Amino acid sequence: MAFFRGIFSLLVISLVVIAVLFVDFTYKTFSLRQRDVKSDAIVVLAGGRGRIEEGVRLYRENRARWLFLIGVDPAVRKGELFTERRGERSGEGVFLENVSRNTLENALYAREMIVRHNVSSIKLITSRYHMKRATLIFRQVLPKDIAIYPHPVDSKNLKEEWWSHGGSFRLLFSEFYKYCLFRLFFLFASSELRFSAGR
């Protein structure tokens, strides 16, 4: 019996720890705020509603020199995402990346563009629920001297009353799970994933 009580106690403690970590993750997710700072480049992780539109808006307002649209569908052309407007900033600083298909690949392909253009700071745009995982991955693969300013975009499928909205709860817990997996992954990941010297 003592063995089973020990197993049960361990299970209860594990569930409590997971619950506390999940609530902390959720609190920090909703605490993220857009910062009114300029950066060398705006990096948009395509795929979520409103992300590209927000990146284009900031670029048109001269909030950065470059706009990198990462993970764009190969069938989409630049003119479909950035329309030239007379009297407004041109799209010469807008670049599309259409090979990456997940967040880790997004970061690795974005790194190539960031290093090639000698970028020292980025404004990272993605959906709010995805921001903590995206920031974690980008911090791991980018050179350490590059500043990352998270710029979350809100979406209709994530409600602040997440505890009473099944879809929001599932979305947040899925992100929490993936975030924890990547924290573990980077403890043992090959150093090839990280930027090497020479910059």
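In a Debye calculation with equal point scatterers on the alpha-carbon sites of segment 2-193 and no solvent, what is log10 I(q)/I(0) at q = 0.10, 0.20 Å⁻¹?
Those come out to -0.46, -1.44, one per q.
Would you please put 23-33, 9-19 in order of how densely packed they are, using the mean number of other Cβ atoms within 10 angstrom per residue and starting with the highest? Provide the component values of the computation, followed by the final result.
On the way: 23-33: 13.4, 9-19: 10.4.
Packing proxy ranking, top to bottom: 23-33, 9-19.
Between S164 and R139, what FRET efficiency follows from the Cβ-Cβ distance if R0 is 25 Å, with the result rounded to 0.05?
0.15
Relative to the longest principal axis of the chain, what angle (0 to 90°, nearest 10) does the C-alpha long axis of helix 51-60 take?
Value to nearest ten degrees: 40.
Which links in K123/K178; K28/K178; K28/K132; K132/K159 stretch past 19 Å when you go from one Cα to the other?
K123/K178
Angle check, please: helix 2-31 long axis (alpha carbons) against the longest principal axis of the chain (alpha carbons), in degrees 0 to 90, nearest 10.
The helix 2-31 is inclined about 30 degrees to the chain.
Using the alpha-carbon centroid of each, what span in Å lies between segment 139-159 and segment 102-121?
13 Å
Read the figures in this text as sums done on the coordinates, not as results from a lab. Remember, predicted model here, so these are calculated numbers, not experimental data. Note: ideal-geometry Cβ built from the backbone for every residue, glycine included; neighbour counts use all protein chains shown.
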